[in-house]
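These notes are about the structure you will find just below.
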Amino acid sequence: MSRPAAFPFDAKIPEGPLDAKWDLYQREMKLVSPANKRKKSVIVVGTGLAGASAAASLGELGYRVLNFCIQDSPRRAHSVAAQGGINAAKNYQNDGDSVWRLFHDTIKGGDYRAREANVYRLAQVSTRIIDQCAAQGVPFNREYGGTLANRSFGGAQVSRTFYARGQTGQQLLLGAYSALMRQVDEGTVSLYPRREMLDLVVIDGVARGIVCRNLVTGQIERYAADAVVLATGGYSTVFFLSTNAVNCNATAIWRCHKRGALFANPCFTQIHPTCLPQAGPTQSKLTLMSESLRNDGRVWVPKRKGDDRAPADIPEDERDYYLERIYPAFGNLVPRDIASRAAKRMCDDGFGVGPSKYSVYLDFGEAIGRLGRDKIAERYGNLFHMYEEITDDDPYATPMRIYPAPHYTMGGLWVDYNLMSTIPGLHVLGEANFSDHGANRLGASALMQGLADGYFVVPSTLGHYLASAKLDPVDTDHPEFVAAETGVRDLTARLLGVQGKKTVREYHWELGRILWDDVGMSRNAKGLEEALGSIRALREDFWKNVRVIGPDDEFNKGLEFAGRVADFFELGELMARDALQREESCGGHFRDEHQTQEGEALRDDENFAFVGAWEWKGGDTDPVLHKESLAFENVTLSQRSYK
Amino acid sequence: MNVNLLIWRQDGPDQPGRMAPYTVADVSPDMSILEMLDILNEQLTARGERPVEFDSDCREGICGACGLVINGVAHGPRSACTTCELRMRSFRDGETIAIEPWRANGFPIIRDLVVDRSAFDRIITAGGYISVNTGEAPDANSVPIGKVAAELAMDSAACIGCGACVAACPNASASLFTAAKIAQFARLPQGQLERHRRALRMVEQMDAEGFGDCSNHGECEAVCPKAISIETIAIMRREYLRATVKSA
Ligand SMILES: Cc1cc2nc3c(=O)[nH]c(=O)nc-3n(C[C@H](O)[C@H](O)[C@H](O)COP(=O)(O)OP(=O)(O)OC[C@H]3O[C@@H](n4cnc5c(N)ncnc54)[C@H](O)[C@@H]3O)c2cc1C
Ligand code: FES
């Protein structure tokens, strides 16, 4: 192997022992005095858990915050849909949990492709998140004695997941939203809903503003500030069918990428094992059935191929509870990537059930017998209700049918320990960054990360940045603002100008098929090469034959979607390129060429223990891969085993 | 199945609107009503016509973005169900379905089926929070909360802020929405300190936004996708009364 070039950016991981890094660093960080904070302005894009918590906390500190979102209200950000729960190393159950164990589970769950220091800090601040949320009035589930209840999630042998029925994301988001609205009330935060950020403005190499489209009037607006915080969520909707809300997109991070922010590990996407099966092109999205269901639900398929008896007619001894059989130690609670691949394998081998034969059963019969229907209803009532509304089947009476679906993206903009991207001043939080989950995220850890980033990390690190950087005042007449706005207008004009024959949705659907087939649950060199070619061809066709209905200066959702899909083509290509480059299997990235004899992911730590961070070189030149090598000083890398 | 549609089309806030007829063929009963509208919009786009604008996001009944009046009922015929969760199997083959936006003074129409619900955000801004800065909180288990109180608080906290309660109310009152937040905090120990100020300010903001009074019709409870009980409004009244007495 030739020696790789040194990584050109500093991850700024503080010195000191792992468990002291964050504390020591905080002692050294520079502070902005209270009087000066009022003079500093920060743009926060996104009002999900990461964005709302950041905007609220920065407002509390006294900064002038401008907070943007696509939806009509910050309360509707996609975080609202999270169901199952949020992890924290409270060890309230006295079952041996600790900061170390949460850290270790997360690093291992991510298949050793995340930074130790970031993950350790996440585990450390996790406990304070629960305190904060409880104090805000988040109605977590409780025991009769009044203490907080916990449940288990995949990839952990302790019970550390806090929850509010099956609506944990909603309740945590409403908590953060209430803190945010309090700051609006105080006058520190100004809200800009129904805005879509379409470009980042970089002046003298530093992020100083954004250009947005006002989604009600269609007007292009410019905003300047001393720093920009991006918390715009993940990009699973690149697959068209995913569990994400229909407005989720990659536009904000992608356009920042094109302005110079490195994009890390784009191929690390998570396919969630328990979702409603795919039906066809008229479906607009897939619905997740929370992982928490695997606490009490048992996954099975018939032992006989093509057995099409009704599930109730298949006797116990003719069912294969394959997760319990293959992974006796973790059973139904193996991590997501493992559960998803096992379901795919079962269906590929002909054991799948349902009309398409591409689903497996998730059965609550045994749990209902053991705990009673009421207990199950209390735990999962809203999920069962949702399932029944969609499928017209009663999951209390017959097992659910589930299949994996795109759900979460571990990849995202590269950030250093301060959560700053490679563009100074541009900070990236939550699912939009790549930082903590390596090649696979454990359940209930995204909510934890979003709130850790927003409540506890960025308020400190952004202060340090603002206190250290020398920032001249800028206003929105600056030539860079003008240029960014012109670029945005040109793109819109191009989209509207094609006047072809195919709709944006048709293109998005086709792109999603390519990615699902070749850059989905399993990948190989041949498929990836083909995907690169077909994505490129489809993109070229898009720019010749797409039909978008104008005008641009009115409410026009069709136009919004067109811009997002245009970005998805470029991102999809980068995902395939990254997957091709990574000649190993790890976490959610499974290369057919690299598996153990039992069909498990085979990592190559010798050559691939790095973060793959891509640099945009303009559409006509291939992007360049930079490798940030990962040093593991505190954990021993091992083949993940959940047997 | 095939369906006939009568859909409210309106070009902007101050423009006149009208019910426009459309037909969609080959609808699967498993589709949601919004997926059926997606198909309609595909057809309109292909014909070069403006698609029908409507809000939606999560498409699973939790974000509160969607909200259509379907055959005269907010969120349509099924109880405890949002528009996006409503499947076409709830309709008959060949049926004519009327689709309109929320209609209320407090929710001006932006375009077609999209309305401006920012009044709800302003009601929350007027005290729909507990004042605790990041980092100030004590250990979460240091304030025990009985299971029953937590469950009751959760019942009100489940509100998704969709606005169906307003759309269904003959007075276009926002009482159920406002009460849900007031009741959630009134039931929790953390909410006690700001209890009076919160009730006063939120109720006053609700009135200032042009929403009507509650006269106990109960339509709000009937359409609420999260089945929030009208008793919640009684709690708000009690909270408000106590607050006026205290501040008098
Ligand atoms: C169905 C489902 C269930 C889940 N359940 C769990 C769970 O139980 N536990 C868990 O830990 N995780 C769960 N997750 C994952 C978790 O919900 C997300 O990873 C997390 O909420 C992301 O939060 P965020 O703040 O980063 O982004 P989001 O909540 O996605 O917020 C993004 C924000 O950015 C705004 N935005 C985006 N682009 C732009 C733009 N260009 N201009 C302006 N604004 C923009 C949006 O309007 C929004 O406000 C679940 C995910 C799904 C899909
Ligand atoms: S789209 Fe979210 S509730 Fe209907």
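Computed over chain B, the per-residue total of -39500 (n - 2.57) for DSSP H runs of n ≥ 4 gives a 222 nm mean residue ellipticity of -10500 deg cm²/dmol, rounded to 500. Extension gain for A:Gln219-A:Arg309 works out to 26.6 nm (0.36 nm per residue, less the C-alpha to C-alpha distance).
Taken about its Cα centre, segment A:273-407 carries a charge dipole of roughly 460 debye when the Cβ of each Lys and Arg holds +1 and the Cβ of each Asp and Glu holds -1. Placing +1 on each Lys and Arg Cβ and -1 on each Asp and Glu Cβ, with no other charges, gives segment B:117-247 a dipole about its Cα centre of roughly 260 debye. Phi-derived couplings, Karplus 6.51 cos²θ - 1.76 cosθ + 1.60 at θ = phi - 60°, listed residue by residue for segment A:334-349: 5, x, 4, 4, 5, 5, 5, 5, 4, 5, 4, 4, 4, 6, 4, 7 Hz, with x used for Gly and Pro. Taking 0.36 nm per residue of separation and subtracting the current Cα-Cα distance, fully stretching the chain between A:Arg345 and A:Gln93 would add 87.1 nm. For segment B:117-247, relative contact order (Cα pairs under 8 Å, six or more residues apart, normalised by length) works out to 33 percent. Taking every residue in B:149-156 and counting other chain Cβ atoms within 10 Å of its Cβ, the average works out to 5.
Couplings 3J(HN,Hα) for segment A:534-543, derived from phi with the Karplus relation 6.51 cos²θ - 1.76 cosθ + 1.60 (θ = phi - 60°), are 6, 5, 4, 5, 5, 5, 4, 5, 3, 6 Hz, where x marks Gly and Pro. Protection proxy ranking for B:38-47, A:310-319, A:7-16, using the average of other Cβ atoms within 10 Å per residue and placing the highest first: B:38-47, A:7-16, A:310-319. Shielding by partners for peptide A:494-500, expressed as the average number of C-beta atoms from other protein chains within 10 Å of each residue's C-beta, is 0. Near A:Asp320, the amide H atoms lying under 5 Å from its own belong to A:Val301, A:Lys303; only residues 5 or more places off or on other chains count, and H is placed 1.01 Å from N. Inter-label distance, A:Trp100 to A:Ala469: 3.9 nm, where each label sits 7 Å from its Cα along the C-beta direction. Considering only alpha-carbon pairs that sit under 8 angstrom and 6 or more positions apart, the relative contact order computed for chain A is 20 percent. Applying 1/(1 + (r/R0)^6) with r as the Cβ-Cβ distance of B:Asn71 and B:His217 and R0 = 22 angstrom yields a FRET efficiency of 0.70. For A:Gly612, what is the net charge nearby, where nearby means another residue's Cβ is under 9 Å from its Cβ and Lys, Arg count +1, Asp, Glu -1? Once positives and negatives cancel, what remains is 0.
Sequence-ordered 3J(HN,Hα) estimates for segment A:154-168 from the Karplus curve with 6.51, -1.76 and 1.60 and θ = phi - 60° stand at x, x, 9, 10, 10, 10, 10, 9, 8, 8, 10, 6, x, 10, 4 Hz, glycine and proline given as x. Working note: Cα atoms of segment A:273-407, range along each principal axis, descending, whole Å: 38, 37, 30. Proximity of backbone amide H atoms, modeled 1.01 Å from N, is registered between B:Ile110 and B:Val115, B:Asp116 at under 5 Å, excluding neighbours fewer than 5 places apart on the same chain.
Peptide A:77-88 is shielded by partner chain Cβ atoms: per residue, an average of 2 of them sit within 10 Å of its Cβ. For chain A, the C-alpha radius of gyration sits at 0.92 times the compact-globule guess of 2.2 N^0.38 Å, with N the residue count. Measuring from a point 7 Å past the Cα of A:Val498 along Cα-to-C-beta, which residues in segment A:205-222 have an amide N at less than 14 Å? Within reach of a label on A:Val498: no residues.
Using R0 = 30 Å, the C-beta based FRET efficiency linking A:Glu540 and A:Glu593 works out to 0.55. With contacts taken as Cα pairs under 8 Å and at least 6 residues apart, chain B reaches a relative contact order of 20 percent.
Taking every DSSP bridge with both residues inside the protein assembly as shown, close to 70 percent are antiparallel.
For A:Glu366 and A:Lys643, a Förster radius of 25 Å and the Cβ-Cβ distance give a FRET efficiency of 0.70, rounded to the nearest 0.05. Amide H to amide H, with H built 1.01 Å from N, A:Asp604 comes under 5 Å of A:Ser585, counting only residues 5 or more places away or on other chains.
Just so you know, all these numbers are worked out from the coordinates, no wet-lab data involved. No experiment lies behind these values; they were computed from the predicted model shown. Glycine also receives a Cβ, built like all others from the backbone with ideal geometry; neighbour counts cover every protein chain displayed.
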